[in-house]
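Peer 1: Could you have a look at this structure, given as structure tokens, before my questions?
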Amino acid sequence: MVLPTGVVDDGRVVVEGTKITQAAAADSAGTTAAGPAPADAEVLDVGGHWLVPGFVDIHNHGGGGASFSGTADDVLTAVRAHRLHGTTTLVASTVTDEMDLLVTQAGLLSELAEQGDIAGIHFEGPFISPCRKGAHSEELLRDPDPAEVRKLIDAGRGRARMVTLATELPGGVDSVRLLAEHGVIAAIGHTDASYEQTVAAIDAGATVATHLFNAMPPLGHRSPGPIAALLEDERVTVELINDGVHLHPAALELAFHHAGASRVAFITDAMDAAGSGDGRYLLGPLEVEVSEGVARLVEGGSIAGSTLTLDRAFKRAVTVDGLPVQDVVAALCANPARLLGLSDRVGSLEPGKDADLVLLDADFDLKGVMRQGEWVVTPQLP
Ligand SMILES: [Zn+2]
């Protein structure tokens, strides 16, 4: 079990209704400091498995063949696809589109957030750099005018959680200030900024690096660029896509060790094919071909999001990158929960929190998922 205090070999979690009421280490007799389990409790022995908190994804565009740019049904399909892989808290990300369409979509997503289906909205674009556009439509990109940023915040009706922007563009730093004032995370990404420009944006209130390394200038010894500025500053949490495609394991490990386990958030940046399969898909208005799990734009061949799910990111982090399980849990659960301001409800196994649990076997393959006290994936134990 991974508790906030660390890994314990034996322990017990008690779930009542939608909440955790106990989560504690146990001695060989099964006694915990939290006292006895309720006498009438149904007991599930998960010996030989890992029990960890449900995963929190702050950057995700879709899954199960559906997109967060689609209808309410599409959004619920994608949410469901990721829940089956352990993501119990998810922020829905949009991609660059016409402002009117983004405003409309924000209205739809805000209602689903109101109902508790998603944890909020992340706007990725349109305020990003044409030099680092990745899989965003170039003709729809614009400079980050604070008035337009404000329009998106308002359209999210209190549910806008994060905006990714290229802060070096005209209006960028003012937009960061506006976002910070409204309690919305300003995330630096799809950016061509210098080191100095990035430092200025962090000083203005930016606190997240959108998929560090991807869609930004590389780390250079005479022009260290955004990567050095984002990695060195204690105020910034860096997103990393751990799918083995977006980052070389050495780059991932360098970032993880430099930022430290408390400043990394593993994300999927998933598109519709996650939890679905190869084939043709749309990412916003652009056509994407997915082949052997790698999503690329049909035109130009840019990587277009991932087909990652967070259970696979977990397994890779432990088995390929050799990261400690406790640190991986921080990057998948506690850190993103803290960023979203949801630490009182999710992100760790503690009494009073939502009963969001993930069960993994000894090989780190997913065997069970509970969300708010209900099994999404029921463990089939021998
Ligand atoms: Zn994205």
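Per-residue answers, yes or no, for (1) over 27 Å from residue 171 (Cα atoms); (2) of a type in the set (Ser, Thr, Tyr):
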| position | (1), (2) |
| --- | --- |
| 80 | yes, no |
| 84 | yes, no |
| 87 | yes, yes |
| 93 | no, yes |
| 107 | no, no |
| 120 | no, no |
| 130 | no, no |
| 139 | no, no |
| 155 | no, no |
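Peer 1: Mind counting the residues in region 130-167 that are in contact with a strand residue (DSSP E or B) (Cβ under 9 Å, 6 or more places away or on another chain), over 20 Å from residue 270 (Cβ atoms) and either of a type in the set (Asp, Glu) or modelled with pLDDT under 95 (or both)?
Peer 2: Count: 1.
Peer 1: Between residues in region 133-157 that are of a type in the set (Ser, Thr, Tyr) and residues that are within 16 Å of the ligand (Cβ to nearest atom), which pairs lie under 8 Å by C-beta distance while being six or more apart or on different chains?
Peer 2: Within 8 Å, the pairs are 137/96; 137/97; 137/284; 137/285; 137/286.
Peer 1: What number of residues within region 287-310 satisfy the criterion of being of a type in the set (Asp, Glu) and crowded, with 23+ Cβ neighbours inside 10 Å?
Peer 2: Residues meeting the conditions: 0.
Peer 1: In region 9-21, is there at least one residue being assigned to a loop (DSSP other than H, G, I, E, B), of a type in the set (A, V, I, L, M) and not assigned by TED's automatic domain parsing to the domain that holds residue 187? Spell out the reasoning first.
Peer 2: Initial filter on region 9-21 (assigned to a loop (DSSP other than H, G, I, E, B)): 9-10, 17-18.
Now narrow it down to the ones that are of a type in the set (A, V, I, L, M): none.
Checked against the condition, which is being assigned to a loop (DSSP other than H, G, I, E, B), of a type in the set (A, V, I, L, M) and not assigned by TED's automatic domain parsing to the domain that holds residue 187, region 9-21 yields no hits at all.
Peer 1: Going through region 96-107 one residue at a time, which ones are assigned to a loop (DSSP other than H, G, I, E, B) and within 16 Å of the ligand (Cβ to nearest atom)?
Peer 2: As a first pass, look at region 96-107 and keep what is assigned to a loop (DSSP other than H, G, I, E, B): 96-98.
Passing the criteria: 96, 97.
Peer 1: Also, quick follow-up: May I ask you to say which residue of 110, 93 is within 12 Å of the ligand (Cβ to nearest atom), modelled with pLDDT of 95 or more and out of contact with any Leu (no Cβ under 7 Å at 6 or more places or on another chain)?
Peer 2: Working: 110 fails: within 12 Å of the ligand (Cβ to nearest atom).
Only one candidate qualifies: 93.
Peer 1: Here is a follow-up. Looking at region 305-328, can you tell me whether even one residue there is within 16 Å of the ligand (Cβ to nearest atom), aliphatic (A, V, I, L, M) and either assigned to a strand (DSSP E or B) or under 22 Å from residue 185 (Cα atoms) (or both)?
Peer 2: Checked against the condition, which is being within 16 Å of the ligand (Cβ to nearest atom), aliphatic (A, V, I, L, M) and either assigned to a strand (DSSP E or B) or under 22 Å from residue 185 (Cα atoms) (or both), region 305-328 yields at least one hit.
Peer 1: Could you please let me know if residue 56 is within 28 Å of residue 213 (Cα to Cα), under 19 Å from the mean Cα position of the chain (by Cα), within 15 Å of the ligand (Cβ to nearest atom) and surrounded by 23 or more Cβ atoms within 10 Å (Cβ to Cβ)?
Peer 2: no
Peer 1: Still on this structure, I have one more. Restricting attention to region 140-166, and to residues there that are over 21 Å from the mean Cα position of the chain (by Cα) and under 22 Å from residue 227 (Cα atoms), which single residue is surrounded by the fewest Cβ atoms within 10 Å (Cβ to Cβ)?
Peer 2: Restricting to residues being over 21 Å from the mean Cα position of the chain (by Cα) and under 22 Å from residue 227 (Cα atoms), the top hit is 143.
Peer 1: Considering each residue of region 193-220, count those that are away from the ligand (no atom under 16 Å from the Cβ) and assigned to a loop (DSSP other than H, G, I, E, B), and give that number. Give the derivation first.
Peer 2: Keep residues of region 193-220 that are away from the ligand (no atom under 16 Å from the Cβ), which gives 193-207, 217-220.
Imposing the further condition that a residue be assigned to a loop (DSSP other than H, G, I, E, B) reduces the set to 193-194, 204-207, 217-220.
Going through region 193-220 one residue at a time, the tally reaches 10.
Peer 1: Let me ask another. Has region 123-134 got at least one residue that is small (Gly, Ala, Ser) and more than 12 Å from the ligand (Cβ to nearest atom)?
Peer 2: Yes, some residue in region 123-134 is small (Gly, Ala, Ser) and more than 12 Å from the ligand (Cβ to nearest atom).
Peer 1: Based on this model, can you work out whether residue 137 counts as within 16 Å of the ligand (Cβ to nearest atom) and buried (at least 22 other Cβ atoms within 10 Å of the Cβ)? Show your work before the answer.
Peer 2: Working: within 16 Å of the ligand (Cβ to nearest atom): yes; buried (at least 22 other Cβ atoms within 10 Å of the Cβ): no.
Spelling it out, it is not the case that residue 137 is within 16 Å of the ligand (Cβ to nearest atom) and buried (at least 22 other Cβ atoms within 10 Å of the Cβ).
The values are calculated or read from the model by the stated rules, or taken from the named source; none is laboratory data. Everything quoted here is computed from the prediction, not taken from an experiment. A quick note on method: Cβ atoms are made from the backbone with ideal geometry, for glycine too, and the neighbour counts reach across all protein chains shown.
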